Amino acid sequence: MSQILFRHDRLDRAVTFAEYRAQGGFRALETALADLSPDAVQQAVIDSGLRGRGGAGFPTGKKWSFVPRNLPGPRYLICNCDEMEPGTYKDRVLLEHNPHLLVEGMALACYALGVEHAFIFIRRGYELAALNLKSSIAEAHKAGFLGANICGSTFNLDLDVHQSAGRYICGEETALMNALEGIRANPRSKPPFPAVKGLWGQPTVVNNVETLANIPAIVAHGPDWFKALAATPEGAGTKLFCVSGHVQRPLCLELPIGTPLGEIIDSHCGGMRPGSTFKACIPGGASTPYFTRDHWTVPMDFDPVAKAGSRLGTGGIVVFDQTTCMVAATLNLVRFFARESCGWCTPCREGLPFVRHILERIEAGRGDMADIEVLREHVAKLNYAFCALAPGAMGPVEGLLRLFEDEVREHITRGKCPVRLTAKG
Amino acid sequence: MIPTHLRQQLEQRVAQAITPREAAVDVMKELQRHYGWLTDEAVAEAAALLGLSPLQVEELATFYEMIYRRPVGRTVIHVCDSISCWAMGGETLLRHLEHLLGIEAGGTTADDAFTLLPCSCLGNCGTGPSLMIGDRLFGPVSPEQAAAIVADHREAG
């Protein structure tokens, strides 16, 4: 069984609570509450090698271990479902098909962390996912898997759904906590880290939907089983890849983490559309540097992708064919980040519109060779922004300059977009 | 003035929150649903309900994409302009809708039926180009389908 998250039949509706139960759902929670200590659950997650699926890839168990044991007052778990990275839609697909898995995963995480009140922070626009979650929470309550004395134990848990109103920065974990508290969602300075001082000043863990949805299987089958699911020796588990763009069958699928890029595109997404040839892709959501045909065999796992010059990020693969102008694609991405900047720190607020402006000039055929160096300088300097939004925005720009410098130069020397010319005759 | 039942419902929501302002987004959304957009009156009412100053509510309201501090039509059509939809013809879809509705992006039709807003990723990347009309997500949307979606909505609304 290599499918954990999509193991239930892929229906055109969500798996019902009864179906989820019939297929072994909530058994991991029952087992953990009866036989395992919170520390044992945490240790299983540490041993499993699970790395955060929200983009950063930080080891989940390690993140949990940062929560101090003896601080007074409540502690919180937040499930980050503010999935707004362009090219990324895996959390929506998961929640539209199996919201119960997240509820069980959160219950197990809360048990391990000693949390009695957890939140699911869900982005605007995911109305169906939010509805599914709310009914799944109600059903779990009714069945005794949430609320007081869960499964006859001393463990209590309340789950609340917090629906956001649309702003990309809310996905940044400290900004997310501000958003939940009802404060303008600028990122907070670290330290103190959320694990020590987070939501309402209390210890808080923020995990992605996919990360938490993996926990029941880890508890049920053990860390070694989980590790063995990966296609790479150093990897662990499966990964949801959501493919979009110029492929024959764009879709969200669960594969062993470390499945090579080319295999995902060719074997699972039917290859390129008729008449299309692969030019490049974004391998892991809007903030990751491009991959080209040279990266076809790169295993899609955190370390190999980083070694190849990009980031696995969210696993949102956006595929471009030969008709795509890479300057225009980069401009689209930078426009997104410039618009979504919260404006709180100067490098991001001023830097992103400046970079956008240069790319607009180059794309329009009014660029100057000196612009290339200015762009390069900004790729380095926007690392000094307060949070990861501006450096993330520079990912595609860095990739553009490294992999497609010739195309940028051609825009400047010809005074127009060469690709759109080829594409449209 | 909002009706008593809505006020009671919102007061209840605020009372359930860990701190009153935790409910800020919900309160703003409900008031927006009532008025059609977050009017100055709604900002003042939200502030009173949340125990905040109108400026504190304003600071939040202007932050979020789905809170409208300017009048919008009865239905907002969001057209995704992020990378996956862009690659699949999102710009063409937006131009087509502008033509169809006789307005520019950002504008509202003369009969106040629709406001057309380009927006960031809708999370529907596998089936781009996408649009959201009210709370409903559609994709992939061809120009012909866009016309049908708008016509259906006009009829239903």
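May I ask you to list the residues in the range B:107-148 that are within 20 Å of A:Leu333 (Cα to Cα) and in a loop (DSSP other than H, G, I, E, B)?
Answer for the range B:107-148, where residues must be within 20 Å of A:Leu333 (Cα to Cα) and in a loop (DSSP other than H, G, I, E, B): B:Ser120, B:Cys121, B:Leu122, B:Gly123, B:Asn124, B:Gly128, B:Pro129, B:Ser130.
Name the strands (runs of 3 or more DSSP E) wholly inside the range A:181-277 in which the number of residues that are closer than 21 Å to A:Val67 by Cβ is 2 or more.
Per the criteria, A:204-208.
Do the conditions hold for A:Glu96, that is, is it within 14 Å of another protein chain (Cβ to nearest Cβ), assigned to a helix (DSSP H, G or I) and in contact with a helix residue (DSSP H, G or I) (Cβ under 9 Å, 6 or more places away or on another chain)?
Working: within 14 Å of another protein chain (Cβ to nearest Cβ): yes; assigned to a helix (DSSP H, G or I): yes; in contact with a helix residue (DSSP H, G or I) (Cβ under 9 Å, 6 or more places away or on another chain): yes.
When the stated conditions are applied, A:Glu96 passes them.
Across the range A:253-275, what is the total count of residues that are open to solvent by 10 Å² or more (accessible area, probe 1.4 Å) and within 14 Å of chain B (Cβ to nearest Cβ)? Outline the logic, then answer.
Taking the range A:253-275 first, the residues open to solvent by 10 Å² or more (accessible area, probe 1.4 Å) are A:253, A:255-256, A:260, A:263, A:266-268, A:270, A:272-275.
Add one more test, that the residue is within 14 Å of chain B (Cβ to nearest Cβ), and what stays is A:253, A:268, A:270, A:272-273.
Residues flagged as open to solvent by 10 Å² or more (accessible area, probe 1.4 Å) and within 14 Å of chain B (Cβ to nearest Cβ) within the range A:253-275 amount to 5.
Filter the range A:339-370 down to the residues that are within 14 Å of chain B (Cβ to nearest Cβ) and touching a Lys or Arg at 6+ places or on another chain (Cβ under 8 Å), then identify the one that is modelled with the highest pLDDT.
If we take residues in the range A:339-370 being within 14 Å of chain B (Cβ to nearest Cβ) and touching a Lys or Arg at 6+ places or on another chain (Cβ under 8 Å), then A:Arg356 is modelled with the highest pLDDT.
With respect to B:Leu38, is the statement that it is open to solvent by less than 50 Å² (accessible area, probe 1.4 Å), more than 30 Å from A:Thr324 (Cβ to Cβ) and outside any helix (DSSP H, G or I) true?
yes
Kindly list the number of the only condition in (1) over 23 Å from A:Val115 (Cβ atoms); (2) open to solvent by less than 50 Å² (accessible area, probe 1.4 Å) that fails for A:Leu77.
(1)
Restricting to the range A:90-112, name every residue that is open to solvent by 10 Å² or more (accessible area, probe 1.4 Å), of a type outside the set (D, E, K, R) and in contact with a Lys or Arg (Cβ under 9 Å, 6 or more places away or on another chain).
A:His97
State yes or no: is A:Ser136 in contact (Cβ under 8 Å) with a residue 60 or more places away in the chain, small (Gly, Ala, Ser) and within 14 Å of chain B (Cβ to nearest Cβ)?
Considered against the rule, which asks whether it is in contact (Cβ under 8 Å) with a residue 60 or more places away in the chain, small (Gly, Ala, Ser) and within 14 Å of chain B (Cβ to nearest Cβ), A:Ser136 comes out as no.
What's the total number of residues in the range A:171-183 that are in contact (Cβ under 8 Å) with a residue 12 or more places away in the chain, open to solvent by 10 Å² or more (accessible area, probe 1.4 Å) and within 14 Å of chain B (Cβ to nearest Cβ)? Spell out the reasoning first.
So in the range A:171-183, the residues in contact (Cβ under 8 Å) with a residue 12 or more places away in the chain come out as A:171-177, A:179-181.
Checking the rest, the ones that are also open to solvent by 10 Å² or more (accessible area, probe 1.4 Å) come to A:171-173, A:181.
From what is left, the residues that are within 14 Å of chain B (Cβ to nearest Cβ) are A:171-172, A:181.
Residues flagged as in contact (Cβ under 8 Å) with a residue 12 or more places away in the chain, open to solvent by 10 Å² or more (accessible area, probe 1.4 Å) and within 14 Å of chain B (Cβ to nearest Cβ) within the range A:171-183 amount to 3.
Report yes if A:Leu240 is more than 14 Å from chain B (Cβ to nearest Cβ), farther than 30 Å from A:Gly365 by Cα and open to solvent by less than 10 Å² (accessible area, probe 1.4 Å), otherwise no.
Considered against the rule, which asks whether it is more than 14 Å from chain B (Cβ to nearest Cβ), farther than 30 Å from A:Gly365 by Cα and open to solvent by less than 10 Å² (accessible area, probe 1.4 Å), A:Leu240 comes out as no.
Return the only residue of A:Leu133, A:Leu159 being assigned to a helix (DSSP H, G or I) and modelled with pLDDT of 95 or more.
Result: A:Leu133 is the single residue among A:Leu133, A:Leu159 that is assigned to a helix (DSSP H, G or I) and modelled with pLDDT of 95 or more.
Could you list, in sequence order, the residues of the range B:105-149 that are within 25 Å of A:Ala130 (Cα to Cα), surrounded by fewer than 20 Cβ atoms within 10 Å (Cβ to Cβ) and more than 14 Å from chain A (Cβ to nearest Cβ)?
Result: B:Ile149, single match.
Out of everything in the range A:190-221 that is in contact with a Pro (Cβ under 8 Å, 6 or more places away or on another chain) and among the aliphatic types (A, V, I, L, M), what residue ends up being surrounded by the fewest Cβ atoms within 10 Å (Cβ to Cβ)?
Taking the candidates together, the pick is A:Val196.
If I filter the range B:81-90 for residues that are at the interface with another protein chain (Cβ under 9 Å from one of its Cβ atoms), under 18 Å from the mean Cα position of the chain (by Cα), closer than 23 Å to A:Asp82 by Cα and surrounded by 15 or more Cβ atoms within 10 Å (Cβ to Cβ), do I get at least one hit?
Checking the range B:81-90: at least one residue is at the interface with another protein chain (Cβ under 9 Å from one of its Cβ atoms), under 18 Å from the mean Cα position of the chain (by Cα), closer than 23 Å to A:Asp82 by Cα and surrounded by 15 or more Cβ atoms within 10 Å (Cβ to Cβ).
The values are calculated or read from the model by the stated rules, or taken from the named source; none is laboratory data. Given the structure is predicted, the values throughout are model-derived calculations rather than measurements. Here Cβ is always computed from backbone atoms with ideal geometry, including for glycine, and neighbour counts include all displayed protein chains. Ligands, DNA and RNA are stripped out before the accessible areas are found, and what is left, the full protein with its side chains, is counted by its heavy atoms. Shrake-Rupley method; radii C 1.70, N 1.55, O 1.52, S 1.80 Å.
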